[in-house]
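Since the structure comes first, as C-alpha cells, the remarks are kept for the end.
The values are calculated or read from the model by the stated rules, or taken from the named source; none is laboratory data. The structure displayed is predicted, hence computed values, not measured ones. Using ideal geometry, Cβ is built from the backbone for each residue, glycine included, and neighbour counts are taken over all protein chains shown.
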Amino acid sequence: MIRCVRMWTGEDGNSHFEEGSLVMKPGEREDEIGAPIPVMSLSFRETEEGGAFAWHTDPVPRFVITLSGTLEFTVASGDSFIIRPGDILLAEDNLGSGHRWRLIDQSPWRRAYVVFDPDADLTFRAQSGAHKSIQITHNAKEV
C-alpha cells in the first residue's frame, strides 16, 4: 500500500485532509497495481533544506509525490500532517484558505507534480477503510 494524504477544500472554504491510500488490486508477482490515470503533465521541483511556504492553494488538482525531504503541512484549523519520501499528496485544495508547509529534516524537498487529465477518475481509500470515488476536475469536486 502506498500512503496517500488527500487534501481538499471543504464547504466551509477551508482546507481539510485525511490519510489513506489509492485503491490498488492484486497483480502479477504478488504486486499491487493501480489503474492507469490519464495525466496532462509531469514536472519536478526542488526546495533547499530548511524551506517553507506560507499560506497558499494548489493551482489544479494533482499528485505531489515526495522523492526526498520530510515536511509538515498545516491547514487553517491548526491540524497538521507529515509527508515523507515515498508518500503521495493528493492536492485538491484549489480554493479557500489553503495550507502551508515547512521542511522538518535536513534534506531538500524533491518532488514530482502530476497534473491530472480534467476528466480523470480515481478511488481513494480513507484510513477508516471507506472508499471514495473521486472525479478529478479542475473545479475539485468529490462525487
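Residue count for region 55-101 under the criterion of being charged (D, E, K, R), in a strand (DSSP E or B) and touching a Lys or Arg at 6+ places or on another chain (Cβ under 8 Å): the result is 2. For region 125-133, the criterion of being surrounded by 14 or more Cβ atoms within 10 Å (Cβ to Cβ), modelled with pLDDT of 95 or more and part of a strand (DSSP E or B) is satisfied by no residue at all.
When Val60 is tested against (1) under 15 Å from the mean Cα position of the chain (by Cα); (2) at pLDDT 95 or above, just one condition goes unmet, and that condition is (2). Looking across Gly51, Gly98, Gly78, Gly86, one residue alone is in contact (Cβ under 8 Å) with a residue 12 or more places away in the chain and over 15 Å from the mean Cα position of the chain (by Cα). It is Gly51. Of all residues in region 1-42 being hydrophobic (A, V, I, L, M, F, W, C) and free of Cβ contacts under 8 Å to residues at least 24 places away in the same chain, which is surrounded by the fewest Cβ atoms within 10 Å (Cβ to Cβ)? Among residues in region 1-42 that are hydrophobic (A, V, I, L, M, F, W, C) and free of Cβ contacts under 8 Å to residues at least 24 places away in the same chain, the one surrounded by the fewest Cβ atoms within 10 Å (Cβ to Cβ) is Ile33.
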